[in-house]
Amino acid sequence: MARKLKTYETSLGFFDLAIAAPSMKAALEAWGADSNLFHQGAANQSEDPDVVAATRAKPGVVLKRPVGSNGPFKEHAELPRDLGDGGAKKAARKVASGSPQKHAKKTVDEAADRKASLAFEKERERRERERAKEEAAQQKERERRQEAVDRAQAALDTARRKHDGDAADMQAKLEALEERSRTEEARWEKERAKLEALLRRARG
């Protein structure tokens, strides 16, 4: 039997959020919350007739309105005009207070519940496909970047090996030249001394 959907509300960032979901866990998942907002008093079940009607019209879809406002919830909402602390604090108090709200008239029959639950599941599956698609794209991008890093690292390693080889070769040649220079200097000293001695004898 299809689970009856309930309407849940919270405030995240610049928006109040509402959704028709079968459980608090499903609502948190749809909101992308990384903590239990219900236990923290930052989310609650709503029975406001207008909010219930809006969410049941689009089960599983996260509806928004500017934080701290009393306007209708929509799938696409504009940012709040007043981003001062007053509006955000007022919205936080409204959600956390847990004050009683007007009860919606319970006129939805089992067939409507089933239809709403199926619509929720369809939307949840759409979100899952979208999330999987985004994760696949991110993974592909990470792999592309890693390949670029690997290519750059390989090029750097090759260039470093060539440089090290060339430097070692030049160092060996330099040492050989220095050795030849020392040998030539020693040879010249001997020859110079010999020739100078001959010159002195010739001069008498």
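See the values below:
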item	result
Every residue from the stretch 45-71 that is closer than 14 Å to Leu5 by Cα, open to solvent by less than 40 Å² (accessible area, probe 1.4 Å) and not in a helix (DSSP H, G or I)	Ser46, Pro59, Gly60, Val61, Val62
Count of residues meeting criterion [in contact with a Leu (Cβ under 9 Å, 6 or more places away or on another chain) and either of a type in the set (Lys, Arg) or part of a strand (DSSP E or B) (or both)] in the stretch 17-34	5
Selection within the stretch 29-44 - open to solvent by less than 50 Å² (accessible area, probe 1.4 Å) and over 13 Å from Lys6 (Cβ atoms)	Trp31, Ala33, Ser35, Leu37, Gly41, Ala42
Subset of the stretch 177-204 (residues that are open to solvent by less than 80 Å² (accessible area, probe 1.4 Å) and either in contact (Cβ under 8 Å) with a residue 12 or more places away in the chain or of a type in the set (Asp, Glu) (or both))	Glu189, Glu191, Glu196
Residues located in the stretch 113-133, provided they are over 11 Å from Val61 (Cα atoms) and touching a strand residue (DSSP E or B) at 6+ places or on another chain (Cβ under 9 Å)	Ala116
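The values are calculated or read from the model by the stated rules, or taken from the named source; none is laboratory data. Because the structure is predicted, anything quoted here is derived from the model rather than measured. Every residue, glycine among them, receives a Cβ derived from its backbone with ideal geometry; neighbour counts consider all protein chains shown. Side chains are part of the model used for accessible areas, which takes the heavy atoms of the whole protein and leaves out ligands, DNA and RNA. Shrake-Rupley method; radii C 1.70, N 1.55, O 1.52, S 1.80 Å.
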